[in-house]
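The values are calculated or read from the model by the stated rules, or taken from the named source; none is laboratory data. If you're wondering where the values come from, they're calculated on a predicted model, not measured in any experiment. Quick reminder, even Gly has a Cβ in these numbers, built from the backbone with ideal geometry, and neighbours come from all protein chains shown.
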Amino acid sequence: MRLTLGPLQYFWPRRQVLDFYAASLDWPLDVIYLGETVCSKRRELRTRDWIALAQEQAQAGREVVLSSLALIEAESELGALQHLAAQETFRIEANDISAVQICRRHGLPFVGGPGLNVYNLDTLRLLQDDGLYRLVLNVEMSRELVAELREAAAAANHALPELELIAWGRLPLAWSARCFTARALDLAKDQCGFRCIEHPDGLPLQTRDGQAFLTLNGIQVQSAERCDLLPEWPQLAATGMDLLRLYPQQHGTAEALQRFRAVRDGAPPPARETGSSPGYWHGRPAALHHLDTSTRGAQP
């Protein structure tokens, strides 16, 4: 299984972002995703900066994919997406159906991001007809659901695209036109003051009983705990997973990649990290997922 680094979900200062990706050049990565996927108001880096980083990563021998926003709300955001599609060097991760349409119009193969909400073979086949060559599975896709997808494809004699699973990091659960961070700080979205830059791993949300519940990240809601599927490595391999995605976090990303690389090279899977969970992989509810995800990726 190849190891991938998903797009940065948080709003970090420019220098921190550049230092993070400079350090990543020495990490055991096969694929790296670059770009802003949460909020277009986050402009510490512009499109040209992401493309420059992509060129550096490509020179280090990685496959590089440029990620799009997960929720397109304005003409300006659509224009930026058009600009992203106009470059002919790197492929795109489509996190919104608008990105799928633009890639199809340009005849570009694309990665289907976890925000596309693909749960069945019929939907997947339609997207493959549009140019999808890799699918990042939704966070709700359990081991059982992945097996059902493979069985349906086998019964239909249909070749699945590459499948990528989120294996480490906080899970992206929902996006909304409302900015959750601004609301939590009693600010209007248009006068947010870019306060999410003060929360490099998101803003923790607790229940009234003081239990960790969710993480607020601008217009995105994440799990409170990190997902860690490294202990499930044998199961992941048995399902025929092609790629495993790790999401950037302020601390621990490099170490997590080293652990995954060690297991891939033959080391026994370690115990799960303290304070982490297997997410939805086993198809059972967990305390960090008390959220109705029926509105994930809903359009405004």
Residue in segment 17-33 that is at pLDDT 95 or above and farther than 20 Å from LEU246 by Cα present: no
Matching residues, segment 159-170, being surrounded by 21 or more Cβ atoms within 10 Å (Cβ to Cβ) and touching a Phe, Trp or Tyr at 6+ places or on another chain (Cβ under 8 Å): ILE166, ALA167, TRP168, GLY169, ARG170
Selected residue [crowded, with 18+ Cβ neighbours inside 10 Å and without any contact (Cβ under 8 Å) to a residue 60 or more places away in the chain] from LEU229, LEU216, LEU243: LEU216
Residue among GLN258, GLN250 that is under 16 Å from the mean Cα position of the chain (by Cα) and either part of a strand (DSSP E or B) or under 21 Å from ALA23 (Cβ atoms) (or both): GLN250
Close pairs from segment 34-53: first assigned to a strand (DSSP E or B), partner of a type in the set (A, V, I, L, M) and surrounded by 18 or more Cβ atoms within 10 Å (Cβ to Cβ), Cβ under 7 Å, at least 6 apart: LEU34/LEU53; LEU34/ALA54; LEU34/VAL64; LEU34/LEU66
Strands (runs of 3 or more DSSP E) lying entirely in segment 105-180 (those with 2 or more residues that are farther than 30 Å from LEU203 by Cβ): 132-136, 162-175
Selection count, segment 180-195, where residues are more than 14 Å from GLN222 (Cβ to Cβ) and buried (at least 16 other Cβ atoms within 10 Å of the Cβ): 5
The one condition in (1) farther than 27 Å from ARG46 by Cα; (2) among the aliphatic types (A, V, I, L, M); (3) surrounded by fewer than 16 Cβ atoms within 10 Å (Cβ to Cβ); (4) in contact (Cβ under 8 Å) with a residue 24 or more places away in the chain that ALA74 fails to fulfil: (1)
Residues that are farther than 23 Å from SER40 by Cα, modelled with pLDDT of 95 or more, surrounded by 14 or more Cβ atoms within 10 Å (Cβ to Cβ) and of a type outside the set (D, E, K, R), drawn from segment 124-141: LEU124, LEU127, GLN128, GLY131, LEU132, LEU135, LEU137
Residue satisfying condition, being at pLDDT 95 or above, charged (D, E, K, R) and closer than 19 Å to VAL136 by Cβ, within set ASP242, ASP265: ASP242
Test result for GLU93, assigned to a loop (DSSP other than H, G, I, E, B), touching a Ser or Thr at 6+ places or on another chain (Cβ under 8 Å) and buried (at least 18 other Cβ atoms within 10 Å of the Cβ): no
Residue that is farthest from VAL136 (Cα to Cα), among those in segment 170-213 that are charged (D, E, K, R) and in contact (Cβ under 8 Å) with a residue 12 or more places away in the chain: ARG195
Subset of segment 60-74 (residues that are closer than 15 Å to GLY112 by Cα and not in a loop (DSSP other than H, G, I, E, B)): VAL64, VAL65, LEU66, SER67
